[in-house]
Structures are given as structure tokens and as C-alpha cells.
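Asker: Submitted below is the structure of interest, expressed as C-alpha cells.
The values are calculated or read from the model by the stated rules, or taken from the named source; none is laboratory data. Note that the structure is a prediction, hence the values are computed from the model and not measured. Please note: Cβ atoms are built from the backbone with ideal geometry, for glycine as well, and neighbour counts cover all protein chains shown. With ligands, DNA and RNA removed, areas are computed over all heavy atoms of the protein, side chains included. Shrake-Rupley method; radii C 1.70, N 1.55, O 1.52, S 1.80 Å.
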Amino acid sequence: KDTVTKHSPILSTIFLSAFDLRRQWTVSGASITEDEISEIENLVNSVAIKMIYKFNDSTFRPIFANLLEWASTGLPKKDTTGRLLRLRSIYTFTTLFFTHLKSIVTSYTTYLLPSALSALESVDPANPASRALWSNALHTLTAAAAHDQDDFFQAPAHFDVLAPALTSQLAHAATLPLFDDLVPALVELAAVA
């Protein structure tokens, strides 16, 4: 635990690089399949979760905030595909993060809520990367809400923003997988509220 904490800046940099693999491989046109990328991401995510167990909140919270800032603003605005792919990797990780660490990390949702809402509002059903990010953002919100024991999602500052954003997604019924992605998020939010 002490060694991991001591080297947290170096480990954080390594994981940022690992979370960027999907974008790098896609942009470079590497001959790697979606299944292979997902398998590698799952391995990276499971190692990252094991590392997080070694941190305390004061060590990990700034790393988490930096991770989301890096994913949201670390690329030029014109690189929309790169941003979508990078955020998708992060949301794949955060779904696992909330699933494993449950209620002790619900408050971390504060850091990802703005980008999750942006992913919902700006979804382009015709763009596969945008659709995938939309799904991943919903999976993360579902996992976070499922383990809320501190009334995080009941707070008006969170509920009053998230509830209309989720219900507005029903307008995409003809083009997006509502039953697999949106309905579980709505149900978890309703259950926790």
C-alpha cells in the first residue's frame, strides 16, 4: 500500500496511457478488432481497480478528477472522434469502478456528471462512437445510482439535472437501445429517489 501510494503519480501516468489505447489504435488504423480492444480494456480496468484498493480517498480523489479532466479536455476540440473514444474508455472503467467500490465512491459521480450529461445531450445516433459513448455513460450512471446510500442522487443539484436529461433521451426510441441502456438508468434513478 505504501509503495503504490508513493508512486501514485507514475502509476497515474501509466494508466492514462492505457486508457488512451482505444483512441490510439482506432486513429492509427491498427488491425485490432473491437473485441480485442474490449478485452485489453477489461484487463487494464481490473488492474486499475486493484490499484485503487491500495489508495485512500485523499490520494485517489485528485487522480480521479485529473482522469476525467484529461478525458474531457485533453484533446483539441476539433478531434471529436478522439474525445469520444477516450471518454468511452473512461466510462468503461468508471462503470467497473462504481460496481466494485459501490457506495463508498458514489460522491465521485460529481466529477463525471457534466461529461455524462454532455454525452447524453450531444449523442449522434448515426455515429457509432457517439452511440457507444452514450451507452457507456448510461451504464456508469446506472452503476453509480444502484449503490447510492448517501442520497447523492436525491440532492436537487443532482436529481434536477439528471432526471430531465435521462427522460429527454426517450425521444431517441427509434434509433438507440433504450431497453438495454436507458431504462436501467431511469429505473435506478427512480429507485434511489
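Asker: Can you name the residue in the range 113-160 that is under 14 Å from the mean Cα position of the chain (by Cα) and among the hydroxyl-bearing types (S, T, Y) and, of all such residues, is most open to solvent (accessible area, probe 1.4 Å)?
Answerer: So the residue we want is S118.
Asker: Now for a different question. Is it fair to say E69 is over 14 Å from the mean Cα position of the chain (by Cα), under 26 Å from H147 (Cα atoms), acidic (D, E) and part of a helix (DSSP H, G or I)?
Answerer: It is false that E69 is over 14 Å from the mean Cα position of the chain (by Cα), under 26 Å from H147 (Cα atoms), acidic (D, E) and part of a helix (DSSP H, G or I).
Asker: Now for a separate question. Out of the range 44-57, which residues are in a loop (DSSP other than H, G, I, E, B) and open to solvent by 80 Å² or more (accessible area, probe 1.4 Å)?
Answerer: Selection gives Y53, K54.
Asker: To continue, here is another question. From the list I90, I40, I32, exactly one residue is within 27 Å of P128 (Cα to Cα), of a type in the set (A, V, I, L, M) and open to solvent by 50 Å² or more (accessible area, probe 1.4 Å). Which is it?
Answerer: Within the list I90, I40, I32, the selection yields I40.
Asker: Of the conditions (1) over 20 Å from A129 (Cα atoms); (2) surrounded by 14 or more Cβ atoms within 10 Å (Cβ to Cβ); (3) within 15 Å of the chain's Cα centre (by Cα); (4) not β-branched (V, I, T), F60 fails just one. Which one is it?
Answerer: Here F60 clears every test but (3).
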